[in-house]
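> A single structure is presented below for examination.
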């Protein structure tokens, strides 16, 4: 295994300016995204009140069904005794979701270790699972490679309605068949049997999206002691009761500051991350099993086109007596996270950091400051076969992912092998037919203008047949040169599937199937430098 690094320019201008320390954007954050910010942030956390004993108990009780490793128990003890946390989070995706979920967890562990060494004090890693999220379409699919194509395999989720990931009971028969079909698309290796036994074993012992997700995440990171907590956990909700009351009471001010900040960013030339509204409440409530987003109408909180309505006093009473029916949205989740945990640093992806750019003043309304916001480490795994093809065609990671040269080479190859004489004959025939039909149309118009559409329809039929012939000719040329085209497809499907980074498309299981169940340990054994460079791991 060999580790290389390469800067990959972010796709958004906001993210690019953030990681490069542009002052005009930096003022929307409390700290710069580097380890040098940790000492100052750690000093601030001395004033952060946390009921560490109760919160440790909540986390321990949540993790117990999945197994608490010796290292996790140590981290819980250190947290109870005063450790700050490096925290990240993600939705409960099938088979842990895209690779970047694993990369987030790795980033959090790496950063916590580096912070501990730098500050000479205990810092523990925490993964906050967004089990309160009800958009199951975002987590109910997997990507696989089939016959040189990247294919999206969707798991049917409509039966769950607007239930959250932590309340949607998995249809075991359907999910079992779905995962079997997925695994059939992976090559048989020395690790396949053990890997599938692991997955179907956890599927047997869990009931919801979140439980299935947590069991896998805990398995992969138990030796590192990664602490897990579900945002929808009822015990955590009870702990958060007073915090929900604060969010409800300060809802108008929070919404205004988020809205105003977004308008400033848009005026500065950035894309609106959220499209915030001034009357947003930024809080959900679950009514009869349906999660409903609330907004404000005067002093009332309403949802579902006015079908649900609560006075401020009624909502405060719910927060006190039934906090488990309340949940946060993208705005209040970071605020709640800060109230619950002494957060030294938050590890986020590009989209999350764009959201966080709106929240500094909202934190201040609650008497808090934003933690250090650190971009997660980006990673790409490169197998030996792809390495050989890169060498064969004189390419490297930068050529494929940044310069997109493999696409150019593929286009050049097609141009070189095209049957240009035949194509030219088809083009000439197409031009002649169009000219002839123009004359025909004029003659027929002399008889009846009503026949003009019929002439046009007849022309389009012939042109369509010629396009079909050209397409079939190109397909045949590609087929006759399929080895080379297949090489370029393989390179792109591995390093740039669907035009995106590998970590945004594939889940970890094709790589676990190839490299073994200790893949996470192999990655964590690398000497990652926490910087803005993308990590390329050659196996």
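> If you take the residues in region 431-446 that are over 30 Å from residue 414 (Cβ atoms) and in contact with a helix residue (DSSP H, G or I) (Cβ under 7 Å, 6 or more places away or on another chain), which one is surrounded by the most Cβ atoms within 10 Å (Cβ to Cβ)?
437
> Another one. Within region 391-415, which residues are closer than 12 Å to residue 494 by Cβ and either surrounded by fewer than 15 Cβ atoms within 10 Å (Cβ to Cβ) or in contact with a strand residue (DSSP E or B) (Cβ under 8 Å, 6 or more places away or on another chain) (or both)?
Matches in region 391-415: 397, 401.
> Please count how many residues of region 234-256 are surrounded by 21 or more Cβ atoms within 10 Å (Cβ to Cβ) and within 14 Å of residue 360 (Cβ to Cβ).
Total satisfying the criteria: 1.
> Which helices (runs of 4 or more DSSP H) sit wholly inside region 190-272 and have at least 2 residues that are touching a strand residue (DSSP E or B) at 6+ places or on another chain (Cβ under 9 Å) and either farther than 23 Å from residue 69 by Cα or touching a residue at least 40 places away in the same chain (Cβ under 8 Å) (or both)?
Helices (runs of 4 or more DSSP H) meeting the threshold: 209-221, 234-239, 241-249, 251-267.
> Related question: Out of the residues in region 292-321 that are within 31 Å of the chain's Cα centre (by Cα) and without any contact (Cβ under 8 Å) to a residue 12 or more places away in the chain, state the one that is surrounded by the fewest Cβ atoms within 10 Å (Cβ to Cβ).
Restricting to residues being within 31 Å of the chain's Cα centre (by Cα) and without any contact (Cβ under 8 Å) to a residue 12 or more places away in the chain, the top hit is 305.
> Is it the case that region 356-377 has a residue that's over 25 Å from residue 101 (Cα atoms) and touching a strand residue (DSSP E or B) at 6+ places or on another chain (Cβ under 8 Å)?
No; the residues of region 356-377 include none that is over 25 Å from residue 101 (Cα atoms) and touching a strand residue (DSSP E or B) at 6+ places or on another chain (Cβ under 8 Å).
> Taking only region 62-73 into account, find how many residues are surrounded by 13 or more Cβ atoms within 10 Å (Cβ to Cβ) and farther than 11 Å from residue 223 by Cα. Quick ask: steps written out before the conclusion?
Residues of region 62-73 that are surrounded by 13 or more Cβ atoms within 10 Å (Cβ to Cβ), as a first pass: 62-63, 65-66, 68-69, 71-73.
Narrowing the set further to residues that are farther than 11 Å from residue 223 by Cα leaves 62-63, 65-66.
Adding up the residues that qualify gives 4.
> Can you confirm whether residue 43 is buried (at least 19 other Cβ atoms within 10 Å of the Cβ) and within 30 Å of residue 264 (Cβ to Cβ)?
no
> Taking the criterion of being under 30 Å from residue 282 (Cβ atoms), in contact (Cβ under 8 Å) with a residue 60 or more places away in the chain and over 18 Å from the mean Cα position of the chain (by Cα), would at least one residue in region 143-162 satisfy it?
yes
> Something else about it: Just to be sure before I move on: is residue 71 free of Cβ contacts under 8 Å to residues at least 12 places away in the same chain and within 24 Å of residue 376 (Cα to Cα) in the structure I sent?
Considered against the rule, which asks whether it is free of Cβ contacts under 8 Å to residues at least 12 places away in the same chain and within 24 Å of residue 376 (Cα to Cα), residue 71 comes out as no.
> Identify the residue in region 447-484 that is out of contact with any helix residue (DSSP H, G or I) (no Cβ under 9 Å at 6 or more places or on another chain) and under 21 Å from residue 409 (Cβ atoms) and, among all such residues, is surrounded by the fewest Cβ atoms within 10 Å (Cβ to Cβ).
Within region 447-484, the subset out of contact with any helix residue (DSSP H, G or I) (no Cβ under 9 Å at 6 or more places or on another chain) is 447-450, 453, 457, 460-461, 464-465, 468, 471-472, 475-476, 482-483.
Retained after the next criterion (residues that are under 21 Å from residue 409 (Cβ atoms)): 475-476, 482-483.
Details: 475: 10, 476: 11, 482: 12, 483: 7.
Here the answer is 483.
> Turning to a different aspect of this structure: Which of the residues belonging to region 273-290 are surrounded by fewer than 18 Cβ atoms within 10 Å (Cβ to Cβ), without any contact (Cβ under 8 Å) to a residue 60 or more places away in the chain and at positive phi?
Selection gives 275, 288.
> When you go through 279, 299 one by one, which is the residue that is modelled with pLDDT under 95, within 17 Å of residue 247 (Cβ to Cβ) and touching a helix residue (DSSP H, G or I) at 6+ places or on another chain (Cβ under 9 Å)?
Criteria check complete, one pass: 299.
The values are calculated or read from the model by the stated rules, or taken from the named source; none is laboratory data. Keep in mind that this is a model prediction, so the values were computed, not measured. Don't worry about glycine lacking a Cβ; one is built from the backbone with ideal geometry, like all the others, and counts go over all protein chains shown.
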